[in-house]
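For reference, the structure discussed in these notes is given below.
The values are calculated or read from the model by the stated rules, or taken from the named source; none is laboratory data. Please read these numbers as outputs of a predicted model, since none were measured by experiment. Here the Cβ is made from the backbone with ideal geometry for all residues, glycine too, and neighbour counts use every protein chain on show. What goes into the accessible areas is simple: the full protein's heavy atoms, side chains included, and nothing from ligands, DNA or RNA. Shrake-Rupley method; radii C 1.70, N 1.55, O 1.52, S 1.80 Å.
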Amino acid sequence: MKRFIPTLLFLLFLCDALFSQISGGIKAGFNMANQSIEDDRPVPLSPNNRHSFHVGIFANVPLGGMFSLQPEVLYSQQGSEYRIFSEVTDKIDYINVPLLIRFQPITLISIHAGPHIGFLTSAQSTSEDVSFDVKDIIKKRDFGANFGAQADFKFGLIMGVRYTVGLTDINDNELSDLDIKNRNFQIYLGFKLPCN
């Protein structure tokens with residue numbers, strides 16, 4: 001008991017010191033989503049960007065020095081547009097969970113990189129105003145890598161850019177040999193708040 005009480009007090013102090021440094025907030029922005037599509041066609045498909053958005057929450061946990069850990073949860077509208085016999089728009093939406101390492105050499109600017117896992121929420125393919133649900137032929141999870149930079153301004157305002165490279169072939173159609181990987185360029189604004 002004599003050791004328990006000082007240990008408990010130390011742990012409470014440590015937790016309070018740690019959580020007082022954690023910040024979090026909300027962010028939203030613009031997606032220029034695209035896909036890498038490979039198959040055996042003599043002329044490969046060259047998809048165009050799907051212009052859409054993302055929105056979500058983030059936290060920032062100091063690791064010491066100039067480094068911190070930034071987990072996020074984002075709803076992200078992705079996919080692409082391309083032409084086969086007519087214009088086709090693939091709308092493939094995810095809940096993405098990035099886990100990023102941030103390096104902040106100066107107060108204003110940070111760079112970040114890390115993996116993410118995406119959970120499929122919906123998938124539709126639209127051609128000539130007719131939409132088809134294609135969720136059954138898209139893999140339910142997508143893994144990727146993220147690279148970006150962020151500016152932290154006064155009053156908690158943040159602004160950043162990020163490029164996401166999908167590492168998973170998301171095609172789950174056994175009758176198709178297409179190799180499809182997500183790509184996404186993001187521009188975002190957000191607001192940071194202390195969590196304590």
>> If I go through region 154-169 residue by residue, how many of them are more than 20 Å from Phe53 (Cβ to Cβ), under 22 Å from the mean Cα position of the chain (by Cα) and open to solvent by 30 Å² or more (accessible area, probe 1.4 Å)?
In response: 2
> Considering only residues of region 180-195 that are over 16 Å from Phe143 (Cα atoms) and open to solvent by less than 40 Å² (accessible area, probe 1.4 Å), which is nearest to the chain's Cα centre (by Cα)?
Replying inline: Gln186
>> Let me confirm something: among Leu45, Leu69, Leu108, which residue is among the hydrophobic types (A, V, I, L, M, F, W, C), open to solvent by 20 Å² or more (accessible area, probe 1.4 Å) and under 30 Å from Ser176 (Cβ atoms)?
In response: Leu45
>> From the list Asp136, Asp177, Asp172, Asp129, exactly one residue is in contact with a Lys or Arg (Cβ under 6 Å, 6 or more places away or on another chain), open to solvent by 40 Å² or more (accessible area, probe 1.4 Å) and modelled with pLDDT under 95. Which is it?
In response: Asp172
> Taking only pairs six or more apart or across chains, which ones have beta-carbon atoms under 6 Å, a first residue in region 155-183 that is more than 25 Å from Gln124 (Cβ to Cβ), and a second residue that is of a type in the set (Lys, Arg)?
Replying inline: Gly156/Lys192; Ile158/Lys192
> Does Ile101 satisfy the criteria of being β-branched (Val, Ile, Thr), touching a Phe, Trp or Tyr at 6+ places or on another chain (Cβ under 6 Å), closer than 19 Å to Gly56 by Cα and modelled with pLDDT of 90 or more?
Replying inline: no
>> Here's a check for you: in region 110-146, which residue that is assigned to a strand (DSSP E or B) and of a type in the set (D, E, K, R) is nearest to the chain's Cα centre (by Cα)?
In response: Asp142
> So which residues in region 114-158 are in contact with a Phe, Trp or Tyr (Cβ under 8 Å, 6 or more places away or on another chain) and basic (Lys, Arg)?
Replying inline: Lys140, Arg141
> Within region 95-102, is there a residue that is open to solvent by less than 50 Å² (accessible area, probe 1.4 Å), of a type in the set (Lys, Arg), in contact with a strand residue (DSSP E or B) (Cβ under 7 Å, 6 or more places away or on another chain) and part of a strand (DSSP E or B)?
Replying inline: yes
